[in-house]
Amino acid sequence: MIEPPVATSKAEAGRSHGKPDEAPPLPQPPLLRPIATSRAHWGSGSEFMLACVGYAVGLGNVWRFPYLCYDNGGAAFLVPYFVVLLLLGLPLTILEMGMGQRFRRGPDALWRKVHPALGGLGSGGVLAGFVIGLYYNVIIGWALYYLCHSIAAPLPWAPEAEGASHFFEVTTTHSSDGEGRAAGLEDTGPLVKPQVACLAASWCLVFLCVWKGVLSSGKVVWFTALFPYAVLLVFLARGLSLPGAVDGLRYFFEPDWSHLRSATVWVAAANQIFFSLALGFGGMLTFASYNGARHNYLREAVLVPLINGATSMLAGVVVFSILGFMAHEAGVAVSDVAVGGPGLVFVVFPEAIALMPGSQFFAVLFFVMVLCLGIDSAFGIAETSLTAIHDAKLLRCVSKESIAALYCVVCFGLGLIFCTPAGVSWLNLIDSYASIVTLFLVAALEAVGVVWVYGADRFIDDTREMTGYELPRALLYYCGLVVPVLLGGLLVTAVLTSLDVDAKGMPAWAKALGWGIALSSSLPALAIGSRWLLRWAMGWTSNAAVHARSVPVLAPAARPSPSASPYAYSLQEARKSVLAARAIDF
């Protein structure tokens with residue numbers, strides 16, 4: 001009788017044929033295996049897109065870009081602007097959004113998970129954004145104050161009333177005594193009560209946007225991100241119909257190619273791109289962390305920078321068409337009325353609106369637009385900080401709503417310095433120094449961290465699993481090799497330029513304070529990274545230990561650890577599964 005064949009293992013079959021024993025092949029793990037998580041999601045991809053657009057398109061597009069373009073060679077400035085946008089803005093946005101969606105964590109927890117030596121990147125970016133958020137809400141308060149006075153007839157800033165300069169400097173901010181003496185940094189004086197009330201109202205608005213996280217802010221952006229475009233189009237049609245608009249546009253677009261030889265122009269373009277897209281602050285990364293695991297983030301990573309650039313151009317056309325009208329009415333050159341910063345939004349533009357028929361209607365539209373632009377960026381900054389606090393589990397027993405309320409109250413208290421007669425001077429000081437170092441330094445280290453620490457191939461594989469598209473490997477190595485060099489050059493140039501034009505008219509202690517603010521947000525990245533490099537160089541931390549604390553490998557047989565990243569397993573569990581597959585006791 002013929003016996004049925006006996007099932008033999010692969011090793012036994014090898015021995016029967018005279019082959020040496022072979023370990024069974026290791027199973028190939030899936031690239032992504034998300035674990036259950038309670039993290040909130042955007043209601044739709046459209047909410048994520050609008051939140052990113054609203055965060056990127058802010059007050060800087062209206063008051064900073066048009067004047068930068070005019071002051072740095074007109075249309076010639078568009079060359080460095082769009083070169084920096086394409087060579088640095090787009091690639092870094094892809095990296096930030098991809099890492100945020102991959103890990104589903106805020107910037108601080110994310111970079112600590114990639115490698116402990118990179119833990120300071122998230123802290124530095126969040127700290128820089130926190131400082132900027134303090135004065136950003138003051139500007140929102142000014143917009144609320146102007147909005148409340150926009151229904152008066154005549155407008156209080158009209159030439160026949162107080163005048164635009166007097167209303168802003170004396171009535172609103174108390175930064176001048178009305179006789180030509182401006183308040184300095186030392187002239188803190190008593191609090192300006194109307195500004196305290198407006199600052200409190202602005203933080204209440206921010207709280208209403210973030211108290212439920214993306215569940216609430218995702219609904220708000222449908223208005224705050226879209227309404228400014230409707231207003232810009234209304235002002236575009238109105239501005240182009242006014243006399244003198246062509247003269248203003250000529251000043252805006254007339255190129256002076258000699259400016260391209262100046263490194264200052266390239267630094268100004270890079271500052272505008274990084275400040276607007278908030279690269280290095282962790283905002284885009286935080287927003288992407290609330291996406292689903294299979295969302296195609298590449299769409300937003302490409303469209304948001306392009307929309308931001310197009311919006312800056314639109315705002316420039318609107319602003320200079322209005323400035324041309326003002327110059328025509330006053331009989332002066334456009335250069336005599338062209339200013340940047342808060343003076344453009346709260347002095348020049350209100351004065352131009354007061355000269356138009358139906359000025360109250362246009363005033364309400366304009367300041368609601370300013371309010372929306374400010375709120376979008378302000379709650380984006382707040383959401384980034386709150387996400388970092390939540391991911392760090394610093395207040396485990398406190399609800400997210402209570403943490404948001406406490407955050408807003410603390411920020412309101414710290415922002416009271418801007419509600420004094422010296423508030424405008426303090427705002428200019430912090431705005432000048434807050435992001436000189438942090439933006440370029442953190443962005444450069446992020447590029448190095450993604451490509452060389454996390455791994456270019458791993459990031460490419462993650463993107464393919466999440467989106468279905470495969471990034472060119474050349475793009476990742478460009479980010480890891482060329483981008484850090486470019487950012488290093490911009491950082492050195494920016495610091496040297498700032499030293500040359502250091503805080504015009506400010507005392508020495510103010511300059512020292514400004515540089516202290518600039519460096520403070522960079523210290524976490526430098527200190528933590530240097531500590532790990534020193535430990536490794538001195539032999540206090542072995543390569544194995546460094547690897548063990550970095551992003552763990554994936555293993556199909558391991559059970560997900562609660563402390564692991566959303567798509568990863570612990571290194572110890574992965575090792576156990578590998579040894580088990582090889583039938584080795586441990």
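Key figures
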{"item": "Spatial separation of Cα centroids for segment 372-417 and segment 470-501, in angstrom", "result": "31 Å"}
{"item": "Equivalent ellipsoid dimensions for segment 52-177 as semi-axes, Å, which come from the Cα gyration tensor, largest first", "result": "39, 21, 13"}
{"item": "Volume in Å³ per residue [convex hull over Cα atoms, computed for segment 185-266]", "result": "256 Å³"}
{"item": "Pairwise label distance in nanometres, Trp509 with Leu87, each label 7 Å out on the Cα-Cβ vector", "result": "4.3 nm"}
{"item": "Cα centre as origin, Lys/Arg/Asp/Glu Cβ charges: segment 110-191 dipole, Debye", "result": "780 debye"}
{"item": "Dipole of segment 45-537 [Lys/Arg +1, Asp/Glu -1 at C-beta], most positive-end residue of Tyr469, Met97, Leu232", "result": "Tyr469"}
{"item": "Alpha-carbon spread of segment 329-436, three principal axes, descending order, Å", "result": "64, 31, 24"}
{"item": "Average projection area in nm² (convex hull over Cα atoms of segment 315-374, one quarter of hull surface)", "result": "4.0 nm²"}
{"item": "Principal axis dimensions, segment 132-182 - Cα atoms, whole angstrom, descending", "result": "36, 30, 10"}
{"item": "Globularity index of segment 45-537, i.e. its alpha-carbon radius of gyration over 2.2 N^0.38 Å", "result": "0.95"}
{"item": "Pairwise label distance in nanometres, Asp187 with Leu499, each label 7 Å out on the Cα-Cβ vector", "result": "3.2 nm"}
{"item": "Stretch gain in nm, segment Val398-Glu160, where the contour uses 0.36 nm per residue and the Cα spacing is subtracted", "result": "80.3 nm"}
{"item": "Whole-angstrom gap from segment 69-117 to segment 230-309, using each part's C-alpha centre", "result": "13 Å"}
{"item": "Peptide ranges 242-253, 121-132, 344-355 listed from the most packed, as the mean C-beta count within 10 angstrom indicates", "result": "121-132, 344-355, 242-253"}
{"item": "Dipole of segment 45-537, positive direction: furthest Cα of Ala330, Met313, Pro116, with charges on the beta-carbon", "result": "Pro116"}
{"item": "Per residue convex hull volume, Cα atoms of segment 384-504, in Å³", "result": "155 Å³"}
{"item": "Segment 45-537 - charge dipole about Cα centre, Lys and Arg +1 at Cβ, Asp and Glu -1, debye rounded to 20", "result": "1680 debye"}
{"item": "Distance cut-off 14 Å, percentage of C-alpha pairs in segment 221-268 lying past it", "result": "70 percent"}
{"item": "Listed pairs Lys212/Lys393; Lys393/Lys511; Lys193/Lys219 exceeding 26 Å between Cα atoms", "result": "Lys393/Lys511; Lys193/Lys219"}
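Read the figures in this text as sums done on the coordinates, not as results from a lab. All figures in this text were calculated on a predicted structure; none of them were measured in a lab. For neighbour counting, all protein chains shown are included, and Cβ atoms are generated from backbone atoms with ideal geometry for every residue, glycine included.
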